[in-house]
Structure formats: C-alpha cells, structure tokens
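No lab work stands behind these numbers, since they all come straight from the coordinates. What you see is a predicted model; the values in this text were computed from it and never measured. A quick note on method: Cβ atoms are made from the backbone with ideal geometry, for glycine too, and the neighbour counts reach across all protein chains shown.
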Amino acid sequence: MSNEASGQPALVSVIVRSVGRPTLERALASIALQDHPAIEVVLVAANGDAHPGLPERCGPFPIRVVQEHRSLKRGMRAATGAFITFLDDDDEFLPGHVSGLVQALLREPGVLAVNARALATFASGATQIFGQRFALSELYARNFVSLSMLLFARTLLDRGIAFDPKLPMHEDWDIALQIAQHTRFADQPVASYRWYADIGDSGGGGGANVSDANFALYRDYIYDKWASVSDPFIERCEALIKSASAAANAGQLGEAQARAEELLSISQNDPHALNLLAMLAYRRGNAREALALQMRATEVRPQDADLHYNLGLVHAGCGEREAARREFDEALRLVPGHPRALAKLAALATGAG
C-alpha cells in the first residue's frame, strides 16, 4: 500500500455521492472502519445546498464537500488521492474493502485499475454475489461492475476519463469501458462491498429499484456510443479465434496456441481463447492446467452452456465425477436438452463417464 516515490501509504479518495439519505451515516461509518491508513472522503452533495450538514471527519479520515447542483460528476476532479473509488450514500464498504483493492492493484505493476465483487443485498434478506473477473469482450456486451467495486489510478483522469452527463444510469459501465481503453484490470475476487440493490431510484437495481424500460434505453445508448470501438475489436477477436480453431483442427497445435495467446494479449480473459487453450492443454495431458483455464473461461462467460460442458469434460478427465455432473447439469439448465450434456450425464449414471 505504499507510494513508490515516498514510501508512504497511497492516498485513496472515496467519492461519496449523497442526497442526504438517512443511510449516509451508515455509509460513512463503513469508511471510518477501513484499515487502509490514508483515505480522504470527497462527498458530492448531489442536491446542492439542500444537503444536511456534515462533520469534518469520518472517523480518522477528513471529509471535503463538493456542492453539485447540476449534473452528476461525482467529484472526480476534486479528488487528490493517488487512487479513486466510490460509495453511494445507501451502500457500505465491508471491512478491508479499500486495502484489499489497493493491495490487489499494487501486486500488478503497470496496471491502473482493479475490480472486486459486491454482496448484493435485498429487502427480503436474500444476498447474491455480483461481479466477476474482468473480461473486455464481455464488458462490451453487458455490465458486471459497479463504481464501488472499482479502484483506479487518478492519473487516468488526465486521459479523459469522465462521467457522461447523458447517462442517469449505467454510468459505472461507461466508466469501466473508458478505463479499459487504457489499462488491464487486476482482480480482487472478494465481495467486500455491500450493495443494497433495491434501495435507491436508479432503476438499475432490484425490487422496486428496477425500470426495464430505462435499463434498455440506456443500455442501447452504451451500445451505440461504443460501437465504433467495440465492433472492430470484436471482429479482430473473432478472426483470431477462427484462425486458432482452424489451426487446432488441422493439428497445428503450436500455431493454435500462438493465435489464442495473441487474442488474450488484446482481449483480457477472453473466454474463447481460454477455452481453446484449455483444450490444447488437455490434449497435451496437462489436465490441471486445462482445468484452471476452463474454470476461468466459465467464470467470465457464465451463461455459455458449451463452456460449462467443456469444463465438465475436464473435471471428468481429472476423475472429478461430481464436479463434472454439476457442470453438465448447468449446461442443461442453460440450454434445455443440450444433447452432449445429456449423453455425458447418462454415461456418468452408468459408471462409464
């Protein structure tokens, strides 16, 4: 957690967007309990002068207030920390959230952003892990981040990272896409932020906080905004995986490996590249390497039945029959009647799997 130049802990700016909800006290208390020693709270009073008064400190950490009367800018330019993250006034950090993000980021020199997970919590008492390992090809298709799961270097602001004033929702998705044009993401696979999904009025949460029409409207805005970047990127990825697959089918395994690795170099955690590399490792007899790669592929593209099927194959090859059965079942859940999964489950039932 040190600043390389000074040897001191890196200052983290936590930008809290607030409209003065009663839950603000809980949000600030969760920051006060963080064990990272250098934090500043930049509180963006989104309702301007109508926001209730605030203390000067949040536990050991100072609070600075930014009055924001018009658009939601989240106070990024007011942040002075080496790193920036966010918290809404109706959510909370869990213990160790900030230090975990900083440590995960600093473990990967040259990387400027890190992505964690959220513990989505609903009024019913139900909870669900939200988020996944970062994959750019997947992020162009769907959002799996929130601002409080992200921490990034403030230097990225000098490259134009900014909130789009036309987005009343999906701004986290847009910010993550902007960041991804400049850096890879480190991974912090811990749900260390509690997201109260059905509190608030964004329309992008759960329960009463859902607006299907607005969700689709601003999702399509994101698609249109990024089409000139995402379309050629996806075309290049598709060409590389097609070339890699053709080489593998022709028995040119070295060429297939090289093309898949080239794809990973431009498309972090690309699930199709990971899937092919897993199959190549399995053909070489390295089942454990294949298992790690295939698990990563299904993690970043969990809705793909064929990836789960292939993971089942690798589990079976490792002698892990129950794990294989779970993956074949998942393939069937995603694609009812999946013929190869049905065949493998039947073989497992007879002891022939």
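Summary table
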{"quantity": "Residue among 117, 340, 219 with the largest mean-square fluctuation in a Gaussian network model of the chain, springs linking Cα atoms under 10 Å", "calculated": "340"}
{"quantity": "Principal semi-axes in Å for region 67-163 [√(5λ), Cα gyration tensor, largest first]", "calculated": "22, 19, 15"}
{"quantity": "Spatially close lysines, pair count over the chain: Cα under 30 Å, gap of eight or more or interchain", "calculated": "5"}
{"quantity": "Charge sum, other residues only, whose C-beta stays under 15 Å from residue 280's C-beta, Lys/Arg counted +1 and Asp/Glu -1", "calculated": "0"}
{"quantity": "Per residue Cα convex hull volume in Å³ - calculated over region 245-299", "calculated": "61 Å³"}
{"quantity": "Among 125-137, 85-97, the order from most to least packed when residues are scored by Cβ within 10 Å on average", "calculated": "85-97, 125-137"}
{"quantity": "Mean separation of Cα contacts under 8 Å (6+ apart) over length of the chain, as relative contact order %", "calculated": "12 percent"}
{"quantity": "Length added when fully stretched, residue 238-residue 8, from 0.36 nm per residue minus Cα-Cα", "calculated": "78.3 nm"}
{"quantity": "Derived scalar couplings ³J(HN,Hα) [region 176-185; Karplus, 6.51 cos²θ - 1.76 cosθ + 1.60; whole Hz; x for Gly, Pro]", "calculated": "4, 5, 4, 4, 5, 6, 10, 7, 7, 10"}
{"quantity": "Additional length obtainable on full extension of the chain from residue 264 to residue 217, 0.36 nm per residue less Cα span", "calculated": "13.8 nm"}
{"quantity": "Three-way shape call for region 255-334 based on the alpha-carbon gyration tensor, with the a/c threshold at 1.5", "calculated": "oblate"}
{"quantity": "GNM result for the chain, Cα springs below 10 Å: residue of 214, 310, 249 fluctuating most strongly", "calculated": "249"}
{"quantity": "Point-to-point label distance, residue 35-residue 162, nm (Cα→Cβ direction, 7 Å offset)", "calculated": "3.9 nm"}
{"quantity": "Degrees, to the nearest 10: 271-283 long Cα axis against longest axis of the chain", "calculated": "40 degrees"}
{"quantity": "Degrees, to the nearest 10: 305-317 long Cα axis against longest axis of the chain", "calculated": "60 degrees"}
{"quantity": "Prolate/oblate/rounded call for region 5-127, Cα gyration tensor, a/c under 1.5 rounded", "calculated": "oblate"}
{"quantity": "Summed residue charge, Cβ within 12 Å of residue 303's Cβ, Lys/Arg positive, Asp/Glu negative", "calculated": "-2"}
{"quantity": "Two-decimal Rg/Rh across region 288-353, once Rg and the Kirkwood Rh are taken from alpha-carbon atoms", "calculated": "0.95"}
{"quantity": "Per-bin percent of Cα-Cα distances, the chain [10 Å]", "calculated": "5, 21, 30, 23, 14, 6, 1, 0"}
